[in-house]
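Structure, as structure tokens:
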Amino acid sequence: MYSDSPPKYDEGSNAPPGMVPVEPYTPAQPPTILVVNKAATPLYSRSMLGTHSMQLSCPHCSRQITTRVDDNLSIVGWVSSLVLCLFTGCCCCIPCCMDSCKDFEHTCPECNCLIGTKKAFN
Ligand SMILES: [Zn+2]
């Protein structure tokens, strides 16, 4: 079937042979550097966090919140528990009751983001 649009040839070049059309000078554009002013999220340092809920401004959602605290037995706690179990045969649950053997994770109740962790023995 015959096509209605025959292939178009370049007829726009009227420059005589041998002459190179001078292209308009375009200054080299400096590469656009996208500077993202990335403000570091002010995570609360461990020393500021305690073992209980605290009132502070969430660094993620900027709301005034009372942190939710989840305590987990830390590595130190697990090791202490194991050592106590091996050497005494009992008392292995003592580290589970000691706050100093636990990690305390402070999370925001509004956005559920981790605000900081108070590590055991810190
Ligand atoms: Zn939040």
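The values are calculated or read from the model by the stated rules, or taken from the named source; none is laboratory data. None of the values given here were measured: they were computed from a predicted structure. All Cβ positions, even for glycine, are placed from backbone atoms using ideal geometry, and neighbour counts span all protein chains on display.
One table, with the values for the structure above:
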{"read-out": "Residue that is nearest to the ligand (Cβ to nearest atom), among those in the stretch 83-122 that are aliphatic (A, V, I, L, M) and either in a helix (DSSP H, G or I) or modelled with pLDDT of 90 or more (or both)", "value": "ILE115"}
{"read-out": "Residue under evaluation HIS60, criteria (1) out of contact with any strand residue (DSSP E or B) (no Cβ under 8 Å at 6 or more places or on another chain); (2) within 16 Å of the ligand (Cβ to nearest atom), criterion not met", "value": "(1)"}
{"read-out": "Residue in the stretch 37-53 that is within 16 Å of the ligand (Cβ to nearest atom), among the aromatic types (Phe, Trp, Tyr) and either modelled with pLDDT under 90 or touching a Leu at 6+ places or on another chain (Cβ under 6 Å) (or both) present", "value": "yes"}
{"read-out": "Check on ASP71, surrounded by 12 or more Cβ atoms within 10 Å (Cβ to Cβ), in contact with a Ser or Thr (Cβ under 7 Å, 6 or more places away or on another chain) and over 16 Å from ASN112 (Cβ atoms)", "value": "no"}
